[in-house]
Number of protein chains: 2
Amino acid sequence: MRAALSERSGRRRRSDVPEATVARLPVYLRALHVLADGGSSTVSSEALAAAAGVGSAKLRKDLSYLGSYGTRGVGYDVAELVLHVSAALGLGRRWPVVLVGVGNLGHALAGYGGFDERGFCVVGLFDVDPARVGERVGEQVVRHLDELDDVVHSARASIGVITTPASAAQDVCDRLVAAGITSVLNFAPALLQVPAGVDVRKVDLSNELQILSFHEHRKAARALTGVPA
Amino acid sequence: MRAALSERSGRRRRSDVPEATVARLPVYLRALHVLADGGSSTVSSEALAAAAGVGSAKLRKDLSYLGSYGTRGVGYDVAELVLHVSAALGLGRRWPVVLVGVGNLGHALAGYGGFDERGFCVVGLFDVDPARVGERVGEQVVRHLDELDDVVHSARASIGVITTPASAAQDVCDRLVAAGITSVLNFAPALLQVPAGVDVRKVDLSNELQILSFHEHRKAARALTGVPA
DNA sequence: TTTTGTGAAATGATTCACAGCC
DNA sequence: GGCTGTGAATCATTTCACAAAA
């Protein structure tokens with residue numbers, strides 16, 4: 001028996017897009033920008049799908065969750081589709097982002113130019129190491145983590161990036177959430193515990209390498225077992 | 001009409017693990033190491049699942065693809081399971097890795113300690129910028145990209161990491177593949193074209209942020225539309 | 001009694017294939 | 001004639017729920 005949600009419908013609502021589709025929208029958006037820069041004004045699902053590295057049927061179905069923005073017999077208007085995909089991704093505004101942990105990786109990410117071009121801007125860099133506090137990185141000066149609340153509130157930031165060692169990640173995450181952050185991008189190799197309503201995505205270098213090594217291993221085994229192709 | 005593969009069976013073979021499961025094995029492995037370091041010698045699927053952030057049924061089914069390594073009524077032997085999961089991931093050996101593009105991000109990754117602890121070792125750093133060639137980073141000296149073939153062959157590397165700008169990524173990828181690399185981890189925001197038999201995984205900061213902004217946007221919309229919980 | 005391992009059911013994602021529109 | 005949008009079919013993944021083992 002479940003608490004009565006306002007309709008336990010199996011039907012998909014107009015505004016909820018499958019997770020798998022959401023994860024591909026940024027890819028489509030980037031492909032669209034490339035096409036626009038290349039001078040295309042319209043594009044077929046076939047061509048856009050090729051540029052994005054997916055099948056055309058998948059692309060069309062993905063876009064259909066956002067609305068019906070193509071023209072049969074013609075294709076999609078590139079500029080128009082950029083707007084619709086951007087809107088779906090919430091890129092009508094610029095999102096302020098705070099980053100905690102200004103070590104090697106934090107430095108690299110803070111210096112990454114793509115931030116501003118893609119709808120985000122770094123409004124605060126934080127660390128606990130006194131040797132790093134005060135250092136200038138890009139447009140920002142590294143602040144002590146104690147100033148997190150002030151910055152998150154005054155910049156109205158809701159997205160935080162964690163680039164600390166694993167041992168500090170949960171504590172930092174708790175402080176981010178306490179300050180009002182509701183989306184976290186975690187580069188630390190640690191599982192983060194967060195309250196409901198907070199989204200976490202994780203990026204982990206060694207996980208990715210281990211997934212590749214699984215496949216390498218399998219390929220090597222195949223070669224030995226004598227599978228020709 | 002398809003070329004006759006040696007049996008077009010719908011049945012899953014003993015040694016092929018679903019992709020979704022493969023992607024979780026590194027997570028389980030890390031959780032197991034944490035448990036081992038904490039002194040646990042056995043663990044139940046419930047406890048390991050909690051440590052890994054998944055449901056216990058999913059964990060058990062995932063592990064069941066590797067074999068039957070638990071004891072009913074007891075759980076899994078931590079040390080033994082570490083060995084089995086490591087073996088499945090192909091971590092019985094150390095994988096040599098080459099990295100191309102020693103900018104901000106390349107520097108950061110090259111300096112990342114976790115490499116060696118997790119079954120990998122960097123055997124070559126490459127760049128085309130003469131200003132960077134010769135620079136010492138960690139244990140390695142940055143080489144010119146022209147030396148790629150030599151190093152890949154002599155170190156028998158099969159995994160390559162790309163941390164160049166997007167504009168160089170495809171060319172670098174082609175050179176990696178030509179040198180014999182068959183697994184690529186791509187940090188450049190570009191779609192890579194590779195021949196069959198080569199695996200590519202992509203990590204993209206702005207994609208991740210845009211996925212988060214999608215959800216932030218939706219949360220904000222929900223709040224306005226007056227959804228209480 | 002406790003906990004695994006796993007068929008079977010349920011859910012989610014992808015692909016097919018074509019009606020409908022330009 | 002060409003291409004989108006989308007039901008229906010297929011395929012993949014997750015969850016359920018319980019028999020079997022220790």
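The values are calculated or read from the model by the stated rules, or taken from the named source; none is laboratory data. Predicted model only: the values in this text are computed from it and were never measured. Please note: Cβ atoms are built from the backbone with ideal geometry, for glycine as well, and neighbour counts cover all protein chains shown. These accessible areas exclude ligands, DNA and RNA; they are computed on the full protein's heavy atoms, side chains included. Shrake-Rupley method; radii C 1.70, N 1.55, O 1.52, S 1.80 Å.
In Å² (nearest 100), what accessible area is buried between A and B, both sides summed, heavy protein atoms only, 1.4 Å probe?
Buried area between the two chains comes out at roughly 5400 Å².
For label points placed 7 Å from Cα toward Cβ, what is the shortest-first list of nm distances from B:Gly103 to its copies?
Listed shortest first, these distances are 2.3 nm.
Principal axis lengths of region A:59-173 from Cα atoms, whole Å, largest first?
Per principal axis, max minus min of the Cα coordinates gives 62, 27, 27 Å.
Looking at region B:103-229, send over the antiparallel percent of its DSSP beta bridges, to the nearest 5.
Within region B:103-229, antiparallel bridges account for around 15 percent of the total.
Return one whole number: the accessible area per residue of region B:79-229 in Å², for a 1.4 Å probe.
44 Å²
Apply the Debye scattering formula to the protein assembly as shown, with a single equal point scatterer on each alpha-carbon and no solvent, then give log10 I(q)/I(0) at q = 0.06, 0.08, 0.09 Å⁻¹.
-0.29, -0.53, -0.68
I want the antiparallel fraction of DSSP beta bridges within chain A, as a percent rounded to 5.
Approximately 20 percent, going by the DSSP bridge assignments.
What does the extension gain come out to for B:Tyr65 and B:Ser41, with contour length at 0.36 nm per residue minus their alpha carbon separation?
Full extension from B:Tyr65 to B:Ser41 adds 6.4 nm.
Kindly express, to the nearest 10 degrees and within the range 0 to 90, the angle between helix A:19-37's C-alpha long axis and the longest C-alpha principal axis of chain A.
Orientation of helix A:19-37: about 80 degrees from the principal axis.
Where along chain B is the Cβ that lies nearest the axis linking it to chain A, and how many Å separate them?
That would be B:Ala108, 2, residue then distance in Å.
Once both axes come from the Cα atoms, what is the angle between helix A:166-179 and the longest principal axis of chain A, in degrees from 0 to 90, rounded to 10?
So the helix axis and the longest Cα principal axis differ by about 90 degrees.
Mind putting together the pair-distance distribution for chain A? All Cα pairs, 5 Å bins, whole percent per bin, short to long.
It works out to 1, 6, 11, 13, 13, 13, 13, 12, 10, 6, 2, 1, 0, in whole percents.
Once the Cα atoms of helix A:78-88 and of chain A are each reduced to a long axis, what angle between those two axes, in degrees from 0 to 90 to the nearest 10, is obtained?
50 degrees
Between the label point of B:Asp37 and that of the same position in each other copy, find the distances and list them shortest first in nm, with every label point placed 7 Å from Cα along the Cα-to-C-beta direction.
Between copies, matching label points for B:Asp37 lie 4.1 nm apart.
So what is the relative contact order for region B:95-206, in percent, with contacts set as C-alpha pairs under 8 Å and at least six apart?
With pairs under 8 Å counted, the relative contact order is 25 percent.
Sequence-distant or interchain residues sharing an amide H contact under 5 Å with B:Cys121, placed H: which?
Excluding prolines and chain starts, which carry no amide H, the hits are B:Trp95, B:Val97.
Which percent of the accessible heavy-atom area of chain A goes to carbon and sulfur, probe 1.4 angstrom?
52 percent
Quick check on the protein assembly as shown: helices-only [θ] at 222 nm, where DSSP H runs of length 4 and up contribute -39,500 (n - 2.57) each and the sum goes over total residues. Nearest 500, please.
-13500 deg cm²/dmol
Just the number, please: percent antiparallel of the DSSP beta bridges in the protein assembly as shown, rounded to the nearest 5.
Given both bridge residues lie in the protein assembly as shown, the antiparallel proportion sits at roughly 20 percent.
May I ask for log10 I(q)/I(0) of region A:96-225 at q = 0.12, 0.16 Å⁻¹, from a Debye sum over the Cα atoms as equal point scatterers with solvent left out?
-0.48, -0.76
Through the Karplus equation 6.51 cos²θ - 1.76 cosθ + 1.60, θ set to phi - 60°, convert the phi angles of region A:188-200 into ³J(HN,Hα) values in whole Hz; use x for Gly and Pro.
Using θ = phi - 60°, the values come out as 7, x, 8, 7, 9, 9, 9, x, 4, x, 9, 9, 10 Hz.
Within 14 Å, Cβ to Cβ, of A:Arg93, how many net charges do the neighbouring residues add up to if Lys/Arg are +1 and Asp/Glu are -1?
Once all neighbours under 14 Å are counted, the net charge is +3.
With a cut-off of 8 Å between alpha carbons and a minimum separation of six or more residues, what is the relative contact order of chain A in percent?
Here the relative contact order equals 12 percent.
Taking each label point as 7 Å beyond Cα in the direction of the beta carbon, state the distances from A:Ser56 to the same residue in the other copies, shortest first, in nm.
List, nearest first: 5.0 nm.
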